[in-house]
Amino acid sequence: MAELSKQNEPVDATPSVSEVDVADAHTEAEAVAAIEAPVERGEPILQVRGLVKHFPLTQGILFKRQIGAVKAVDGISFDLHQGETLGIVGESGCGKSTVAKLLMNLERATAGEIFYKGQDITKLSGRALKAVRRNIQMVFQDPYTSLNPRMTVGDIIGEPFEIHPEVAPKGDRRRKVQDLLDVVGLNPEYINRYPHQFSGGQRQRIGIARGLALNPEIIICDEPVSALDVSVQAQVINLMEKLQDEFNLSYLFIAHDLSIVRHISDRVGVMYLGKMAEIGTDQQIYDHPTHPYTQALLSAVPVPDPDAREGRERIILTGDVPSPANPPSGCRFRTRCWKAQDQCAEEVPLLAIPERFQGEDTPAAHESACHFAEEKDVVHAA
Amino acid sequence: MTLIDEAPMSPYQGDDPDSGEPLLEVRDLHVEFHTRDGVAKAVNGVNYSVKAGETLAVLGESGSGKSVTAQAIMGILDMPPGRITKGEILFRGQDMLKMSDEERRKLRGARIAMIFQDALSSLNPVYSVGYQLGEMFRVHLGLSKKDAKAKAIEMMDRVKIPAAAARVNDYPHQFSGGMRQRIMIAMALSLEPDLIIADEPTTALDVTVQAQVMDLLAELQREYHMGLMLITHDLGVVADVADKIAVMYAGRIVERAPVHELYKRPAHPYTKGLLDSIPRLDQKGQELYAIKGLPPNLTRIPSGCAFNPRCPMAQDICRTDIPALQPVTERDGGELVGRGSACHFWKETIHG
């Protein structure tokens, strides 16, 4: 904590995100009521402001001293609107999974706020926190390790009802689980089977059914299809899109496969080393990227078209992602950036609409954390 | 070491897949595994060849038999439970399956080398990378420890590991994923083999690092004029580097084609389905095409064409007769070089 106050890094401006409408709840009951209230489609349902998570690095056995911190997430802000899909992309180690855990309240944030319908969930406890958790559910990456091998499918999908009995009364649970199996496209008769009797794609459907069990409003998907075969990925993506329409869900879709993120997302955020590098609609990010990292990332993705390979300009980054325990000063991307200048080492670029595009009605006018933001169409550059 | 004559080197050989003798030829290979649940038929009659300077991509989902074929070629198949029941693997015309263990050992690493998917579990954590790289030179060439280490540094430089001399005594865990994969590549290349088998070399890496590693591999392949067999499930990577493609499904090659042809006009419904299920720009907001169903269980492969339960074009004949890999031609019967499809209805698939 003490270390945080030492940093006087400016907070991101994020002009396009609306001001947080903090609901005034003095009692737990009022907080619960605010959480239960519905949100209009398109309104922000989840607002993240200056979220920070540092994992301490300690030395010594008996007298532990903190010698530093892994800055997994270092001040990110974004809004998730009701009914939309926000894609988060970035390389491994950029902090996207830590964001997921923070939003689920599985990790306590070091600093920053997460407002769910105006309630800061990092400060909630007891009944109000339980109500929030019911409404934010998660689908995990690996369908082989995220299902308990000793539990039947019925027990796995029905387990959330044990914690939140108000959703389904005891006698009703079996039928509810069978309904859920049907919804995700599995045979309801499979209720007494064990996870090992299913294939990867089917297991991911079980994981999705478990996520849906409590009728949540937000589902956080952490790499939901990356462990699946190509032909099965499309099935699961289609299922998730169908469920979003059917149950009016908001998705936070974390993945490293850029083509799948583009297909499913309304807006996309690009993360690099604990910071948001660029955020905008899918078209703004993919067709008009202004941050060099986004451009490099997009140009590195192999295109499934052999005719494009000769003419395509590719930006091959040198080196690896620096350690989040000791990130570069100023812009974190500067060590691998071909545009880096002295300013980049000294000043942290803010996530804001670049000055040169401000007031202009171009798709390049979206938030990008770069001193030298410049539009470059890398996907179509052939 | 070089008992086998070097193939004639021609700079244009790589561009023309018809010239030159094949480096490696797999003929009618069958591999099965004996498991508690019965016999799993992992590879059921695979044929392909790789020439010097050429890149063959073997494309398939998990369980299609692509890695098992590679293991059989390298002679690192677990036997038992695995068993090669039929077929030949010819390396420069000699059947490797008939060679003695000692003969194979001399080929392995020196003439044919392999790059594995997961560099962290493929490298030994208790030896320094320099020692592991040097092992190739000590065992195959009989170099001294000191000379082998010098060679190891040279190889680390070749694959562009910064400060190679300082890092030669580091252990695998001290390197990042991309650097570890470079060490794997250095190890495979150290004796300048004729053929490299890369089994999902970039699957565990991030896209920016994947681009670096694939670039390096392509550059080294050009330089040494090696044959490269790339095993992957990523249609994007294949489009970037392959010369020709073999698509595998349930232990068989279902389609074979030069890279441009395959993406333009697939001649097998499975290939077509795979290509259609890639999210495309103009399909935003629409449902993705998805191949229905699941890949088959290898202990119970469907009768007839293994793809028939998932195929939109399946007819009665597909459930009874196994389609052979037949040559694909133009609508007017004109020859399409290097193309083949194992589908009863390839004409309908390719010509609509």
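The values are calculated or read from the model by the stated rules, or taken from the named source; none is laboratory data. Note that this is a predicted model, so its numbers are computed, not measured. Cβ placement follows ideal geometry from the backbone for every residue including glycine, while neighbour counts extend to all protein chains displayed.
With respect to (1) within 23 Å of B:GLY227 (Cα to Cα); (2) within 14 Å of chain A (Cβ to nearest Cβ), the lone exception for B:LEU77 is condition (2). Within the stretch A:61-94, if we keep just the residues that are touching an Asp or Glu at 6+ places or on another chain (Cβ under 8 Å), modelled with pLDDT under 90 and within 20 Å of A:LEU298 (Cβ to Cβ), the residue that is nearest to the other protein chains (Cβ to nearest Cβ) turns out to be A:GLU91. Looking across the stretch B:222-253, just one residue is away from chain A (no Cβ under 13 Å), of a type in the set (Val, Ile, Thr) and touching a Phe, Trp or Tyr at 6+ places or on another chain (Cβ under 9 Å), and that is B:ILE253.
Determine whether A:ALA100 is in contact with a Cys (Cβ under 9 Å, 6 or more places away or on another chain), in the same structural domain as A:ILE219 (by TED's automatic domain parsing) and modelled with pLDDT of 90 or more. Answer is yes for this residue.
What number of residues within the stretch A:175-203 satisfy the criterion of being in a helix (DSSP H, G or I), buried (at least 18 other Cβ atoms within 10 Å of the Cβ) and within 12 Å of chain B (Cβ to nearest Cβ)?
Our first condition is that a residue be in a helix (DSSP H, G or I); within the stretch A:175-203, this holds for A:175-183, A:188-192, A:195-197, A:200-203.
Within this subset, residues satisfying the condition of being buried (at least 18 other Cβ atoms within 10 Å of the Cβ) are A:177-178, A:180-181, A:183, A:191, A:195, A:200-203.
Then keep just the ones that are within 12 Å of chain B (Cβ to nearest Cβ); that gives A:200-203.
Looking only at that region, the number is 4.
In the stretch A:242-282, of all residues being at pLDDT 90 or above and of a type in the set (S, T, N, Q), the one that is nearest to A:GLY112 (Cα to Cα) corresponds to A:SER250.
The requirement of being more than 24 Å from B:GLU135 (Cα to Cα) and not β-branched (Val, Ile, Thr) is fulfilled nowhere in the stretch B:105-115; no residue meets it.
For the stretch B:270-302, the candidate set comprises residues that are more than 9 Å from every other protein chain (Cβ to nearest Cβ) and charged (D, E, K, R); within that set, the residue that is surrounded by the fewest Cβ atoms within 10 Å (Cβ to Cβ) is B:ASP282. On the given criteria, is B:GLY340 on the phi > 0 side of the Ramachandran plot and surrounded by 14 or more Cβ atoms within 10 Å (Cβ to Cβ)? The answer is no for B:GLY340.
Working only within the stretch B:303-313, note down all residues that are buried (at least 18 other Cβ atoms within 10 Å of the Cβ), more than 9 Å from chain A (Cβ to nearest Cβ) and over 21 Å from B:VAL46 (Cα atoms).
B:CYS311 - this is the single residue of the stretch B:303-313 that is buried (at least 18 other Cβ atoms within 10 Å of the Cβ), more than 9 Å from chain A (Cβ to nearest Cβ) and over 21 Å from B:VAL46 (Cα atoms).
Every residue, every condition in (1) touching a residue at least 40 places away in the same chain (Cβ under 8 Å); (2) more than 17 Å from the chain's Cα centre (by Cα), yes or no:
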{"residue": "B:VAL39", "(1), (2)": "yes, yes"}
{"residue": "B:ALA42", "(1), (2)": "yes, no"}
{"residue": "B:ALA52", "(1), (2)": "yes, no"}
{"residue": "B:LEU59", "(1), (2)": "yes, no"}
{"residue": "B:GLY75", "(1), (2)": "no, no"}
{"residue": "B:PRO81", "(1), (2)": "yes, yes"}
{"residue": "B:MET96", "(1), (2)": "no, yes"}
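Looking across the stretch A:227-263, the residues that are within 21 Å of A:SER97 (Cα to Cα), within 8 Å of chain B (Cβ to nearest Cβ) and not in a loop (DSSP other than H, G, I, E, B) come down to A:GLN233, A:ILE237, A:LEU258, A:SER259, A:ILE260, A:ARG262, A:HIS263. Say we look at the stretch A:353-382 and pick out the residues that are surrounded by fewer than 18 Cβ atoms within 10 Å (Cβ to Cβ) and small (Gly, Ala, Ser); which of these is modelled with the lowest pLDDT? Out of the qualifying residues, it is A:ALA382. Residues in the stretch A:310-343 that are charged (D, E, K, R) and free of Cβ contacts under 8 Å to residues at least 12 places away in the same chain: A:GLU310, A:ASP320, A:ARG334, A:ASP342. When the test is whether a residue is over 26 Å from B:TYR263 (Cα atoms), crowded, with 19+ Cβ neighbours inside 10 Å and either touching a Gly at 6+ places or on another chain (Cβ under 9 Å) or within 14 Å of chain B (Cβ to nearest Cβ) (or both), A:CYS331 does not pass it.
In the stretch A:47-67, the count of residues that are in a strand (DSSP E or B), closer than 23 Å to A:PRO328 by Cβ and of a type in the set (Gly, Ala, Ser) is one or more. Could you tell me whether any residue of the stretch A:123-139 is small (Gly, Ala, Ser), assigned by TED's automatic domain parsing to the domain that holds A:SER226 and within 18 Å of the chain's Cα centre (by Cα)? No, every residue in the stretch A:123-139 fails to be small (Gly, Ala, Ser), assigned by TED's automatic domain parsing to the domain that holds A:SER226 and within 18 Å of the chain's Cα centre (by Cα). Taking every residue in the stretch A:271-285 that is of a type in the set (A, V, I, L, M) and pairing it with any residue that is part of a helix (DSSP H, G or I), at least 6 positions away or on another chain, the pairs with Cβ-Cβ distances below 8 Å are A:MET271/A:LYS96; A:MET271/A:VAL99; A:ALA277/A:TYR293; A:ALA277/A:THR294; A:ILE279/A:ILE285; A:ILE285/A:THR294. Identification of helices (runs of 4 or more DSSP H) wholly contained in the stretch B:67-181 with 3 or more residues that are surrounded by fewer than 16 Cβ atoms within 10 Å (Cβ to Cβ) and at pLDDT 90 or above yields B:145-158.
With respect to A:HIS288, determine if the residue is more than 19 Å from the chain's Cα centre (by Cα) and either buried (at least 19 other Cβ atoms within 10 Å of the Cβ) or closer than 17 Å to A:PRO44 by Cα (or both). Spelling it out, A:HIS288 is indeed more than 19 Å from the chain's Cα centre (by Cα) and either buried (at least 19 other Cβ atoms within 10 Å of the Cβ) or closer than 17 Å to A:PRO44 by Cα (or both). For A:ARG108, the conditions (1) surrounded by fewer than 22 Cβ atoms within 10 Å (Cβ to Cβ); (2) part of a strand (DSSP E or B) all hold with the exception of (2). Among the residues of the stretch B:243-258, are any surrounded by fewer than 20 Cβ atoms within 10 Å (Cβ to Cβ) and not assigned by TED's automatic domain parsing to the domain that holds B:SER64? Yes, the conditions are met somewhere in the stretch B:243-258. For the stretch B:29-55, a tally of residues being touching an Asp or Glu at 6+ places or on another chain (Cβ under 7 Å) and not β-branched (Val, Ile, Thr) returns 8.
If the condition is being in a helix (DSSP H, G or I) and not hydroxyl-bearing (Ser, Thr, Tyr), then the stretch A:327-382 contributes A:ARG334, A:ARG336, A:ASP342, A:GLN343, A:CYS344, A:ALA345, A:GLU346, A:GLU355, A:ARG356, A:PHE357.
Quick one: which residue in A:THR290, A:THR294, A:THR318 is outside the structural domain of A:ILE67 (by TED's automatic domain parsing), part of a loop (DSSP other than H, G, I, E, B) and under 17 Å from A:LEU258 (Cα atoms)? Walk me through it before giving the result.
Details: A:THR294 fails: part of a loop (DSSP other than H, G, I, E, B); A:THR318 fails: under 17 Å from A:LEU258 (Cα atoms).
Being outside the structural domain of A:ILE67 (by TED's automatic domain parsing), part of a loop (DSSP other than H, G, I, E, B) and under 17 Å from A:LEU258 (Cα atoms) holds for just one of A:THR290, A:THR294, A:THR318, which is A:THR290.
Can we say B:GLU135 is among the acidic types (Asp, Glu), in contact with a strand residue (DSSP E or B) (Cβ under 6 Å, 6 or more places away or on another chain) and touching a residue at least 12 places away in the same chain (Cβ under 8 Å)? No, not satisfied. Name the single residue, out of those in the stretch B:196-212 being of a type outside the set (S, T, N, Q) and surrounded by 24 or more Cβ atoms within 10 Å (Cβ to Cβ), that is nearest to the other protein chains (Cβ to nearest Cβ). Residue satisfying both the conditions and the ranking: B:ALA211.
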